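**Student:** Please find one structure pasted underneath; my questions will follow.
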Amino acid sequence: MFLDMARTAHVKGQTEQALSLIDRVLYTEPNNQAAWLLLAETTPDPARRTQAYERVVAINPQTAAGKQAVAALQATPAPPATSAPPAAPAVPADPRPPANADSAAPKQPAVREGRWDCRYCGSKGVRGRDIACPACGHVRDKEVRFYLPEEADEVLDAALLQRAKAGVDWLCAFCGTSNVATAEQCRQCGASKAESNQHQAEKTYTLDQVPRSAKAPKPTPAPAPPPSKSGGCGSVVAIAAVLLLFFVGLGAWLLWPRSSEMAITGYSWERTIAIEELQTVTEEGWEIPAGGRRLSERQAVYGYNQVLTGYETRTRNVSEQVQVGTETYTCGQRDLGNGFFEEVQCDRPVYETRTRSETYEEPIYQAVPIMRTSYTYEIDRWRVVTTRRVGGSNRRAEWPTLNLRDNQRAGTRTEQYIVVLEDGNRRRYELEVSQAQWEALREGQRVEVQTDAFGKPISIE
Ligand SMILES: [Zn+2]
Ligand SMILES: [Zn+2]
């Protein structure tokens, strides 16, 4: 369609428009013979006209267009020497001799060959040195995206190294083709490098940003690490949450009261009274309580004071980090804009742990006793001497009978009331209840009982 429009423009004498339209056709179809022929007929530049005819012949000399171009070339004398050979080899030979092999600097950053994918035929992993796709012949352009596979070997060949370091590819102003820095004419259309005002860009990547394939283009401001980090500990949080939920659920299941019907099948009870007796005892203390009768006194150690008596000079070992130099390491990769990548090197300090001994003053303390008067005295105190206990498996609860002497009295009382319960599986349980409940319940009565998860009664409703 563009070619028809270009032809019409040419016929009408609109040369600029015709050339622009032919340009568009050749950009996507570099081997369109009719387009090259029309270019030859349209361009006012004799050199470019010759190149265009040569392209037509190179594509196929046997067609009508090819024969027409051959005739045109024979009729025209060759232009002055500036023209480039139209059918250039796939890789333009570097005009300079191989680099001097003696670049003995040991810390030269390594150069590696990148790859690119052809977006016309889908070929993957085209070598960085190839400016044209070996599968379909399309040349790479400004949109090409270089990447560096993990396993890329270091480039050691001197000629390739020289090419890698020659600079970025320049882009033909006429057809958009990439050309090696050392080429003076466009490999595709022969246009001069001097007319070009665009070139591929150098790009510097940190190690985690280096493109490893044509896909997944990482944007330079990459907020990638935080999500992946939280993804890692997120699963731990999830496991912890599930475990927590499990244990909370288990606890709730165990503690959740259950109700079941049981029968009252028996009773028991127990009551106790402690018997106290007034006894004269001997005690020692820092003072005599009310009612105490002093027997003797003495000086005793009440406590200690820590008293600073001086200092002692001692030595100890101290470790410290000392910077002993710097080291160079690879911190990134630079896309050289010509199919090759070069290591980016950074410097970082190297530290060493050094131990030295230092002296210091250690304070010396002495424990000095504090003396006080300690009293020995006798005093009358109520002491539990025995406990009276009665009980039975009936409902006639009573208190123990006491026969107290003059120096005795009744102390603490306890009472306990128990019912025996039987569940539907004839299992028996004892349950302590209040005295009022114990007295209200009747033998054989069926009651609603709250139980734990294992059926053990907790209370009667
Ligand atoms: Zn291709
Ligand atoms: Zn070109």
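**Student:** Which net charge results for the neighbourhood of F2, defined as the other residues with beta-carbon distances under 13 angstrom from its beta-carbon, given Lys and Arg at +1 and Asp and Glu at -1?
**Tutor:** -1
**Student:** Less than 11 Å Cβ to Cβ from S268, Lys/Arg counted +1 and Asp/Glu -1: what total charge do the surrounding residues give?
**Tutor:** Its environment carries a net charge of -2.
**Student:** Here's a follow-up. So how far apart, in nm, are the two label points at L207 and A71 if each is 7 Å from Cα heading toward Cβ?
**Tutor:** Here the modelled spin labels are 6.7 nm apart.
**Student:** Another question, then. Over the Cα atoms of region 313-443, what radius of gyration and what Dmax do you get, in Å?
**Tutor:** Answer for region 313-443, Rg first and Dmax second: 43.0, 117 Å.
**Student:** Express the relative contact order of the chain as a whole percentage, based on alpha carbon pairs under 8 Å and six or more residues apart in sequence.
**Tutor:** 16 percent
**Student:** Along each of the three principal axes of the Cα atoms of region 107-221, give the extent in whole Å, ordering the values from largest to smallest.
**Tutor:** Result for region 107-221: principal-axis Cα extents of 39, 34, 30 Å.
**Student:** Moving to a separate point now. Filter the chymotrypsin sites (Phe, Trp or Tyr not before Pro) in region 243-345 down to the DSSP loop ones having no more than 15 other Cβ atoms within 10 Å, then list what survives.
**Tutor:** W286
**Student:** Can you give the calculated 222 nm mean residue ellipticity of the chain, where each DSSP H run of n ≥ 4 adds -39,500 (n - 2.57) and the sum is split over every residue, rounded to the nearest 500 deg cm²/dmol?
**Tutor:** -7000 deg cm²/dmol
**Student:** Please list the equivalent ellipsoid semi-axes of the chain, computed as the square roots of five times the alpha-carbon gyration tensor eigenvalues, in descending order and whole angstrom.
**Tutor:** They are 106, 43, 15 Å, listed largest first.
**Student:** Counting only residues 5 or more places away or on other chains, whose amide H sits under 5 Å from the amide H of V139 once H atoms are built in the peptide plane?
**Tutor:** C133
**Student:** Oh, and also: Rounded to the nearest 0.05, what FRET efficiency do E41 and K165 give with R0 = 45 Å and r taken as the Cβ-Cβ distance? Could you check?
**Tutor:** Efficiency computed from Cβ-Cβ geometry: 0.60.
**Student:** Evaluate the distance, in nm, between pseudo-label points positioned 7 Å from the Cα of R383 and of E327 along their respective Cα→Cβ axes.
**Tutor:** Roughly 7.8 nm, to one decimal.
**Student:** If you look for lysine pairs in the chain that are eight or more places apart or on different chains, how many of them have Cα atoms under 30 Å apart?
**Tutor:** 25
**Student:** Continuing with this model, one more query. Take E320, project a point 7 Å from its Cα along the Cβ direction, then tell me which residues of region 357-371 have their backbone nitrogen under 19 Å from it.
**Tutor:** 357-361, by backbone N distance to the label point.
**Student:** How far is it, in nm, from the label point at Y365 to the one at R294 when both lie 7 Å from their Cα along the line to the Cβ?
**Tutor:** 3.5 nm
**Student:** Assigning unit charges at the beta carbon (Lys, Arg +1; Asp, Glu -1) and nothing else, what dipole magnitude in debye, to the nearest 20, does region 2-75 show about its Cα centre?
**Tutor:** The dipole magnitude comes to about 120 debye.
**Student:** Efficiency by 1/(1 + (r/R0)^6): what FRET value for R127 and T8, r their Cβ-Cβ distance, R0 = 51 Å, to the nearest 0.05?
**Tutor:** 0.75
**Student:** Could I ask something else about it? Please give me, ordered by residue number, the GluC sites (Glu not before Pro) of region 373-449 that lie in loop per DSSP and have at most 10 other Cβ atoms within 10 Å.
**Tutor:** E398
**Student:** Between R442 and N197, what length comes free when the chain is fully extended (0.36 nm per residue of separation minus the Cα-Cα distance, one decimal in nm)?
**Tutor:** In short, 77.2 nm is gained.
Each value in this text was obtained by applying a stated rule to the coordinates, not by laboratory testing. All figures in this text were calculated on a predicted structure; none of them were measured in a lab. In this analysis, Cβ positions are derived from the backbone assuming ideal geometry, glycine residues included, and neighbour counts consider all displayed protein chains.
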